[in-house]
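Provided herewith is a single structure, encoded as structure tokens, for subsequent inquiry.
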Amino acid sequence: MLCISLQGKRIYYCTNNSSKSRAYYSNKVRAMGFPCTEENIVCTAFVVAEYLQQQRFHGKIYVVGEAGLQDELTAAGFEFIGPGPDPITGTQADWVQSQLDPEVNCVVVGLDTHFSYAKLIKATNYARREGTLFIATNQDTELPTGTGIFLPGTGTLVGAVSIGARRTPIVVGKPNPAMFEVIQRKYGLRPERTLMVGDRLDTDIAFGPVTGMKSLLVLTGISSLRDVPCKVTVGGKELIVVPDFYLHSIKDLGDAIVASQAEH
């Protein structure tokens, strides 16, 4: 990463994880020894806040999510309810008497380890209201663990709310173009001059052709060459995803840059 920075290139770390803020991730990247500020972090919690600002949203948000969404929405000055435990109690007769906030006109669904039937009732009813925005941070089906134990991803929660609300959400995370459109407006990125580097075909690498960027697959994470080509549906359209380049690790990219400099 330092080699790339020294070339005068801008680096942005893009993650679909909405549970942490830019402040958290920038500290984490610096702790790994790489130069980084909050401006270099593009997490879906931040993208949601930026998207709402760009849409000139006014109102109250019901959030299915954790600290990252809370921090970024607070920093952007938005009013919201929902985060934290909300266990189901009582019987069905009590559930149909659920108190809904009349001011809520936006629902945001991200990863939420406190997700419950009570939250599902509220999120679906708010999302069914006419004129209510319905936003999902991403549709990832699983979380990487490396242990063989499957952990359901944000997409499973989004699916539950979407089915109950009978609506398709605006998805801001990779590989959907909303994330790139937000950072393009904010930072002036040119897709033809931008390389997307990632380890997951259905999100990172698919992000490339969807937005007009070239893509580089590194083989140290979710996907391997055996998974190429990969079918992905984005915005109702099926894509056959093949990376433009691949390397065994991100270290190889730095080595290639150093070797290129030596030749010149």
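The values are calculated or read from the model by the stated rules, or taken from the named source; none is laboratory data. Computed from a predicted structure; not experimentally measured. Because the Cβ atoms are built from the backbone with ideal geometry, glycine has one as well, and the counts that use them run over all protein chains shown. Each accessible area value is taken on the protein alone, full model and side chains, heavy atoms only, with ligands, DNA and RNA left out. Shrake-Rupley method; radii C 1.70, N 1.55, O 1.52, S 1.80 Å.
When Val104 is evaluated against the numbered criteria (1) in contact with a Gly (Cβ under 6 Å, 6 or more places away or on another chain); (2) of a type in the set (A, V, I, L, M, F, W, C); (3) farther than 29 Å from Pro209 by Cα, which criterion, by number, is the only one it fails?
Going through (1) in contact with a Gly (Cβ under 6 Å, 6 or more places away or on another chain); (2) of a type in the set (A, V, I, L, M, F, W, C); (3) farther than 29 Å from Pro209 by Cα one by one, Val104 breaks only (1).
Going residue by residue through region 47-58, is there one that turns out to be part of a helix (DSSP H, G or I), of a type in the set (Val, Ile, Thr) and either within 18 Å of Ala136 (Cα to Cα) or at pLDDT below 95 (or both)?
Yes, region 47-58 contains a residue that is part of a helix (DSSP H, G or I), of a type in the set (Val, Ile, Thr) and either within 18 Å of Ala136 (Cα to Cα) or at pLDDT below 95 (or both).
Tell me the residue from Tyr62, Tyr117 that is under 23 Å from Lys174 (Cα atoms), at pLDDT 95 or above and among the hydroxyl-bearing types (Ser, Thr, Tyr), please.
Working: Tyr117 fails: under 23 Å from Lys174 (Cα atoms).
Checking each option against the conditions leaves just Tyr62.
Please determine whether any residue of region 27-44 is touching a Gly at 6+ places or on another chain (Cβ under 7 Å) and not charged (D, E, K, R).
In the first step, residues of region 27-44 are kept if they are touching a Gly at 6+ places or on another chain (Cβ under 7 Å); the result is 43-44.
Filter once more, so that each one left must be not charged (D, E, K, R): 43-44.
Scanning region 27-44, I find at least one residue that is touching a Gly at 6+ places or on another chain (Cβ under 7 Å) and not charged (D, E, K, R), so the answer is yes.
Something else: Among the residues of region 62-69, is any closer than 28 Å to Val197 by Cβ, of a type in the set (Asp, Glu) and part of a helix (DSSP H, G or I)? Spell out the reasoning first.
At the first step, the residues of region 62-69 found to be closer than 28 Å to Val197 by Cβ are 65-69.
Checking which are of a type in the set (Asp, Glu) leaves us with 66.
Add one more test, that the residue is part of a helix (DSSP H, G or I), and what stays is none.
No, that holds for no residue.
Sort out which residues of region 203-250 are free of Cβ contacts under 8 Å to residues at least 12 places away in the same chain and of a type in the set (Asp, Glu), and write them in order of number. Please lay out each step first, then the result.
Applying the first criterion (free of Cβ contacts under 8 Å to residues at least 12 places away in the same chain) to region 203-250 yields 224, 226, 231, 233, 236-238, 240.
Within region 203-250, Glu238 is the sole residue that qualifies.
Is it the case that some residue within region 106-120 is in contact with a Ser or Thr (Cβ under 6 Å, 6 or more places away or on another chain) and among the β-branched types (Val, Ile, Thr)?
No, region 106-120 has no match at all.
Please find, within region 163-190, the residue that is least open to solvent (accessible area, probe 1.4 Å) out of those that are at pLDDT 95 or above and in a helix (DSSP H, G or I).
Ala165
Out of region 124-140, which residues are outside any strand (DSSP E or B) and under 10 Å from Val158 (Cβ atoms)?
Answer for region 124-140, where residues must be outside any strand (DSSP E or B) and under 10 Å from Val158 (Cβ atoms): Thr137, Asn138, Gln139, Asp140.
Say whether the condition of being over 28 Å from Arg129 (Cβ atoms), among the basic types (Lys, Arg) and open to solvent by 50 Å² or more (accessible area, probe 1.4 Å) is met by at least one residue in region 27-44. Lay out the reasoning, then the answer.
Residues of region 27-44 that are over 28 Å from Arg129 (Cβ atoms), as a first pass: 27-42.
After this cut, where a residue has to be among the basic types (Lys, Arg) as well, the list is 28, 30.
Checking which are open to solvent by 50 Å² or more (accessible area, probe 1.4 Å) leaves us with 28, 30.
Yes - at least one qualifying residue is present in region 27-44.
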